Amino acid sequence: MGRIQYAAVARGAVVMAEHGDAAFPNAGAVARQILDRLSAGDGGGGGDCNISYTQDLHVFHVKRTDGVTALCMADDAAGRRIPFAFLEDIHGRFVKTYGRAALTALAYAMNDEFSRVLGQQMDYYSNDPNADRISRMRGEMDQVRNVMIDNIDKVLERGDRLELLVDKTATMQGNTMRFKRQARRFRNTVWWRNVKLTAASVFILLVIIYIVLVYMCHGFTLPSCI
Amino acid sequence: MAQIPNLDNAPLNLAALREQSQKDLLNILKSIRGKKCVVIDPKLAGTLSLILQTSLLKEYGAELRLLSAEPLQTECAKILYLVRSELKFMKLIASQIKNDEPKGLQREFFLYFVPRRTVACEKILEEEKVHQKLTLGEYPLYLVPLDEDVICFELDHSLQECLIEGDTSSVWHVAKAIHKLEFAFGVIPNVRAKGVASTKAAELLNSMQQEDPVNMDDMGTPEINTVILLDREVDLVTPMCSQLTYEGLLDEMLQINNGSVEVDATIMGAQQDGKKVKVPLNSSDKLYKEIRDLNFEVVVQVLRQKATSIQQDYAEVKSTNTQSVSELKDFVKRLHSLPEIARHVHLAQHLQSFTGKPSFHARLDIEQTILEVQNFEICFEYIEEMIHKQEPIENVLRLLVLLSLTNAGLPKKNFDYLRREILHSYGFEHMPLLYNLEKAGLFKRQESRSNWIGITRALQLIVDVNDTANPSDISYIFSGYAPLSIRLVQHAVRSGWRSIEELLKLLPGPHLDLKRGSSAINSSLDVHQGLGLQQSIDRVGHRSLVLVVFIGGVTFAEIAALRFLSSQEGMGYDFLVATTKVVNGNTILRPIITNSKEVMI
């Protein structure tokens, strides 16, 4: 997670409040150079702007709205979204606290009070992941998604279990026989039954005839008739 | 889960008809002020559940009771009897009223006949000396929508009355119901009828039009293009065959009543033994609408596809994390259909416990053999064997009737032999049953050569079914037999009776083909040319509507065949089915069996 290491609020080139990390003593001087350049280039700081300057391993982000400039220095890892969210936040707080006095204040006039606010917000935006509204929203979406999946699980458990339904339909499919196909087999079966019955009848008839002949011809080999 | 069917997609505005029935009933309730007890005959209670919710009656101060032989238990001072015009109900009502007299209860009694009062009923009330205590009225409920495309006249005994008892009063009711439809939707220009009752109904319809004409000047083109009336008697073969559609099997195995079926809770996956649950079955259930008319072979495949598809999607949801919230939402919507799938999987599984038996398949084989008029001896032996095994008599009689119908009766030797065997196996008390079957022409001695082979060839009733999943002919419903009645409808719709004039003479009863009200229609179109054109725009994009009326009952398989026909590309008609009752072979024979036993007592 990126860190914000210096912050200041200014009107034109006049710094009214600032707060910096002790590890970066030159941040203030660089910030003032940037503010001087911006004031000179814009003819006294008339227009609103959002701009970033890179210096060595640090980036200076500047946001000017309604004549009041918010500036901060952050490392590369902070990206742009969080620093500018930070700038918008402190700009809002500053304007809300001091109102129109900001337009006539002398250098460092608000530093005693607002420096502490700057420090707190620098910590907040450097350390708290919820500072990024989009990241927070994405987290909420993930939560919604998980809740929906949980609900789906509960629905499937409360009713019949889905696997059970699929198993039942698979079993039914295995058991289903085509209604029509049986007809031919049945007719074959009955036909064969008739054939066997006929054969048996013929056989019995032959046996009876043979017995009668045996009796009439006085012997099993039918000697008198041959 | 409402039992009242959803009529939003009906080819006619049936919802308006139903609302009128609701309004009529609520007006009757409003005309009796204060709390009242409504006593309904049990059959009518089922019918009313198709018209309005029971809770709506309670809003009008109605307390519901079923009419029975027991004394009436209620605190209400006003009693409203709502019963069909049947003699036995009059005796029950009279006994209840007499039961109240000694108690000194000061009650008012109202009696509303459904659909109209009859002289015979009033005569009984007079004989029982309760006529003076009753305020009489009529609740003209002639037809009830069962579903988007099915209307019922609720005349349960019309087949029995026409065939055996010679009572044709139900024919008047049928004509009256059609006349009411004409008041709502215009005079039907084409009328085709086949059978004794149907031709009589067609003539009655003409008489009613003359006595109480529908005013065609108020409306333009009639919504119903053709009405085809068929007697059940013309085709008794079809209901005797085992239906193989999902809905037909449900009716055969579990009995569908008023659009729902009642089964044990254990069958539906619940754990409460001995309890029964009622499952509504109509077009409001989208899955049921999709599978109801399929051959049962295919239903199992469809259910499996749906369950498997949801299971696969579920596995995908669990295994990957890339699904977006909207995709999850779509999946949850699909989960809403899971209870429907579960319900029908349970019902289908229960049906399969019947259809999976070898005896069921053997029976199908015999039916097929009988229909193809092959191997009379085999069929005879099979039926004889069933009698000896003492199978349920309904099952025996169905095959027996089928054999008799396709052979124009049995040879005298076989006929006498089987009758004797039935009396030996099932008891002498079935002698009146056999007499009634003979009188109705269902099981008779052979006196002439059978026309069945000629009919099956001319109409192509016996068809080999190669693909039950994507059938090209209505014969998929019986896996090889096309219903004779629906073949007649196909011809009637296409070219009228002319092309099959000779064939119609082979079937029982006269036939009729006429155009009605043509002069009225011509004059109305002349006078109201713009209005006519305006009205005709309403049905632009809609196909012509054919009303098919079955007097004596229709089977779910036949309804499925008509739905199949109207879904075909080349077919230019929508079908609306109207019937006295939805039947199957069991429900046709059971009243005859029951009545025959009552005669013996």
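Every read-out reported here was derived from the displayed coordinates using simple, explicitly stated rules and does not represent laboratory data. Since the model is a prediction, treat every value here as computed from it, not as a measurement. Every residue, glycine among them, receives a Cβ derived from its backbone with ideal geometry; neighbour counts consider all protein chains shown.
If R0 is taken as 60 Å, the Cβ-Cβ distance between A:D153 and B:S495 corresponds to a FRET efficiency of 0.50.
Legend: Rg and Dmax of the protein assembly as shown, from Cα coordinates, 41.3, 157 Å.
The tail of the calculated P(r) for segment B:357-449, taken as Cα-Cα distances beyond 24 Å, holds 14 percent of the pairs. Inter-chain Cβ neighbour count for B:480-491, averaged per residue, equals 0 (cutoff 10 Å, partner chain atoms only). Averaged over peptide B:340-352, the number of partner chain Cβ atoms lying within 10 Å of each residue's Cβ comes to 3. Between segment B:197-213 and segment B:1-51, what is the separation of their alpha carbon centroids in Å? The two parts, judged by their Cα centres, are 27 Å apart. In terms of packing, defined here as the mean over residues of other Cβ atoms within 10 angstrom, the peptides B:62-70, B:555-563 line up highest first as B:555-563, B:62-70.
Candidate cross-link partners of B:K78 among the lysines, defined by an alpha-carbon separation under 17 Å and a same-chain spacing of 8 or more, comprise B:K30, B:K35, B:K36, B:K58, B:K98, B:K103, B:K133. Each peptide in B:447-456, B:545-554, A:100-109 gets a packing score, the mean of other Cβ atoms within 10 Å over its residues, and the list from highest to lowest is B:545-554, B:447-456, A:100-109. Here's the list of lysines a cross-link from A:K154 could span, going by alpha-carbon distance under 30 Å and ignoring same-chain residues fewer than 8 apart: A:K168, B:K275, B:K276, B:K278, B:K286, B:K289, B:K306, B:K318, B:K329, B:K333.
Applying 1/(1 + (r/R0)^6) with R0 = 30 Å to the Cβ-Cβ distance of B:E391 and B:E165, what FRET efficiency is obtained, to the nearest 0.05? Please report the intermediate quantities before stating the final value.
Working: r = 28 Å, r/R0 = 0.94.
Given R0 = 30 Å and the Cβ-Cβ separation, E is 0.60.
Packing, as the average of other Cβ atoms within 10 Å across residues, places the peptides B:88-99, B:380-391 in the order B:88-99, B:380-391, highest first. Mean per-residue shielding of peptide B:297-310 is 4, counting Cβ atoms of other chains within 10 Å of each Cβ. Overall size of segment A:4-127 from C-alpha positions, given as principal axis extents largest first: 35, 30, 25 Å. Computed as a quarter of the hull surface, the mean projected area of the alpha carbon convex hull for chain B stands at 33.0 nm².
Distance between the modelled labels on B:L56 and A:F220, one decimal in nanometres: 9.3 nm (7 Å Cα→Cβ projection).
Considering Cα pairs under 8 angstrom that are at least six residues apart, work out the relative contact order of chain B and quote it in whole percent. Walk me through the intermediate numbers first.
Working: 899 pairs, mean separation 112.0, N = 601.
So the answer I get is 19 percent.
Over 24 Å between Cα atoms: which of B:K43/B:K91; A:K196/B:K444; B:K439/B:K581 fall into that group?
Details: B:K43/B:K91 17 Å; A:K196/B:K444 33 Å; B:K439/B:K581 22 Å.
Pairs exceeding the cut-off: A:K196/B:K444.
Of all aspartates and glutamates in the structure, those lying under 17 Å Cα to Cα from B:K194, and not within fewer than 8 positions of it along the same chain, are B:E203, B:D231, B:E233, B:D235, B:E501, B:E502, B:D513, B:E558.
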